[in-house]
Amino acid sequence: MKLHEFLRFDDIVIQAHDYPDADAIASGYALYCYLKKAGKDPLFIYSGREPISKSNMVIMVKELDIPVKYITQLDHVPELLVTVDCVYGERNVTKFEAKETAVIDHHECRGDPGPMSEIRSNYGSCSSIMARMLADEGFNVNLNRSLATALYYGLYMDTVAFSEIKHLADVDLRDSMHFDSVLIRKMINSNLSRDEMTIAGAALEKCFYCDEFNSAVVRAERCDPNILGIIADMLLQVENVDSCVVYCPSFNGYKLSVRSCTERINAADFAAYITKNVGNGGGHAGKAGGFMTLDAATDATNFIVEKIKRYHTEIRIITPETGALDVFSMKKYRKKYCVYGYILTTDICPAGEKIFVRMLEANSELAADENKYLMIGVEGEVYPIDKSKFETNYTPCDELPDMSFYENLPTVTTETADSSIPLRTMIKGCCSSDKAEIYAVRLNEYAKVFAKWVKDGGYLYGQPGDYLVCQAHDHSDVYIIKQKIFDKIYEEAEQA
């Protein structure tokens, strides 16, 4: 997607996610400046339960004269609404109606962002995406010092002071901006107000440590949700604290910030588990958030502590070291006849180059190789498969799969690609083989499967109702299949 595609619209709204951070504000401001220069009159907004109050964000908006407005209702339906640093319709952004929508983001997207989208999950910040997109349009950011400063600060904050830079575009942004160094120092050193520091200090003094599980829980006084993240980041620096939950009272409940620095706990899963049936939660492997409502008689700290204990004691853990599954009590299944999709990894990039794949529950990383394929499941899930395993389970055919299966088809990235790579045009057809059999059992508990092909110690996460599965010819090849997928593509086979 190119920025000039927006110029066919006149009524344009740019929206950052609720409680926006520096990267969201900088990215929205960049798009605002581009559209203004092109003769448009866009509206730049954010929403949420309350406006920005965090000190550095107040300084950023005021000192750089960024025309962003806090609203709770949009008084008209715009021709185009562009979300930046977030995806339209997801939980962290208030949904306003629009005739058409577009997305610019650097986070992983599990749903379908729509035809107008630019999602580059291999970038460290949305600011880096905007800098590249502006450069592609011949827009010189350095002619606008406020914009250059905003983009630099957005990258600085989203990559933890440049320590998590991911892409050459991040390096280019860091090294090429003509920014206001005095203001940057001021914002960096204004991350907390005195009142917020008092809130953080008081909260940390009352920290509850779950030593058995290397976890911690902190209750803070009501504050900007971004302060919860700062407190949580502080907690992770404490010896023997691998995960933590920081919460504070909010409208009609409690706002949560969840952190993890261990591959054994995905913060998004952790947040979803804690808030199940009392709210909602989600995010990323290391950082997540959520909201929960509890009745007045419930002690929130005790509630969270009990959830942590159950998370660690009630979830079944399966690792490669666990060994092969005992299939004696499992049923054998085979795939129903269907045309599936697959992609040769060497069609994506040259052999040897790394490919990064986002799956339903975890990420996978592999090098392009003529003996490595990507399979496309019926829900658009993408996972790697060896050529030998493919030939055992599938047969290539001239027929293409029903593309309606792939409404939510994700994208992949590579080491050198500037943007995510669309897979749809690369898909070839194959049908399931009669030899494609598995053993499966329906879970009545939560489970984590540390599959051999999942990168960075990540895991597949199963909930009651999902299926624990292994290949019939390899009982050590263990994974999770979501219930709705399993019921759609598998049928019970004749038992030996």
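Regarding GLU118, is this residue at pLDDT below 95 and either over 22 Å from HIS284 (Cβ atoms) or not in a loop (DSSP other than H, G, I, E, B) (or both)?
So GLU118 passes the test.
So, in segment 441-473, of the ones that are open to solvent by 20 Å² or more (accessible area, probe 1.4 Å) and without any contact (Cβ under 8 Å) to a residue 24 or more places away in the chain, which residue ends up nearest to the chain's Cα centre (by Cα)?
GLN463
Which number in (1) touching a Phe, Trp or Tyr at 6+ places or on another chain (Cβ under 8 Å); (2) assigned to a helix (DSSP H, G or I); (3) at pLDDT below 90 marks the one condition that GLU196 misses?
Answer for GLU196: the failing condition is (1).
Between GLU353, GLU407, GLU391, GLU415, which is at pLDDT 85 or above, open to solvent by 70 Å² or more (accessible area, probe 1.4 Å) and over 26 Å from ILE265 (Cβ atoms)?
It is GLU391.
Test LYS166 against the stated conditions and say whether it is under 27 Å from the mean Cα position of the chain (by Cα) and basic (Lys, Arg). Explain how you work it out, then say what you get.
Values: under 27 Å from the mean Cα position of the chain (by Cα): yes; basic (Lys, Arg): yes.
Yes, satisfied.
Out of TYR123, TYR88, report the one residue that is touching a residue at least 24 places away in the same chain (Cβ under 8 Å), touching a strand residue (DSSP E or B) at 6+ places or on another chain (Cβ under 6 Å) and among the aromatic types (Phe, Trp, Tyr).
TYR88
For TYR273, which of the numbered conditions (1) among the aromatic types (Phe, Trp, Tyr); (2) part of a helix (DSSP H, G or I); (3) open to solvent by 20 Å² or more (accessible area, probe 1.4 Å) fails to hold?
Answer for TYR273: the failing condition is (3).
How many residues does segment 225-264 contain that are assigned to a loop (DSSP other than H, G, I, E, B), in contact (Cβ under 8 Å) with a residue 12 or more places away in the chain and open to solvent by 10 Å² or more (accessible area, probe 1.4 Å)?
The qualifying residues number 10.
Quick check on TYR70: is it hydroxyl-bearing (Ser, Thr, Tyr), buried (at least 18 other Cβ atoms within 10 Å of the Cβ) and at pLDDT 95 or above? Write out each step before concluding.
Numbers: hydroxyl-bearing (Ser, Thr, Tyr): yes; buried (at least 18 other Cβ atoms within 10 Å of the Cβ): no; at pLDDT 95 or above: yes.
The answer is no for TYR70.
When the residues of segment 190-226 are narrowed to those that are of a type in the set (Asp, Glu) and touching an Asp or Glu at 6+ places or on another chain (Cβ under 9 Å), which ends up farthest from MET57 (Cα to Cα)?
It comes out as GLU196.
Tell me, which residue of segment 34-50 that is surrounded by 17 or more Cβ atoms within 10 Å (Cβ to Cβ) and not in a strand (DSSP E or B) is modelled with the lowest pLDDT? Before you say what the answer is, go through the steps one by one.
First, the residues of segment 34-50 that are surrounded by 17 or more Cβ atoms within 10 Å (Cβ to Cβ): 34-35, 42-48.
From what is left, the residues that are not in a strand (DSSP E or B) are 34-35, 42, 47-48.
On the way: TYR34: 98, LEU35: 98, PRO42: 97, SER47: 95, GLY48: 89.
The selected residue is GLY48.
The values are calculated or read from the model by the stated rules, or taken from the named source; none is laboratory data. Worth saying up front: this structure is predicted, and the values here are computed from it rather than measured. As a convention, Cβ positions derive from the backbone with ideal geometry for all residues, glycine included, and neighbour counts pool all protein chains shown. Surface accessibility is based on the protein's heavy atoms, side chains included, excluding ligands, DNA and RNA. Shrake-Rupley method; radii C 1.70, N 1.55, O 1.52, S 1.80 Å.
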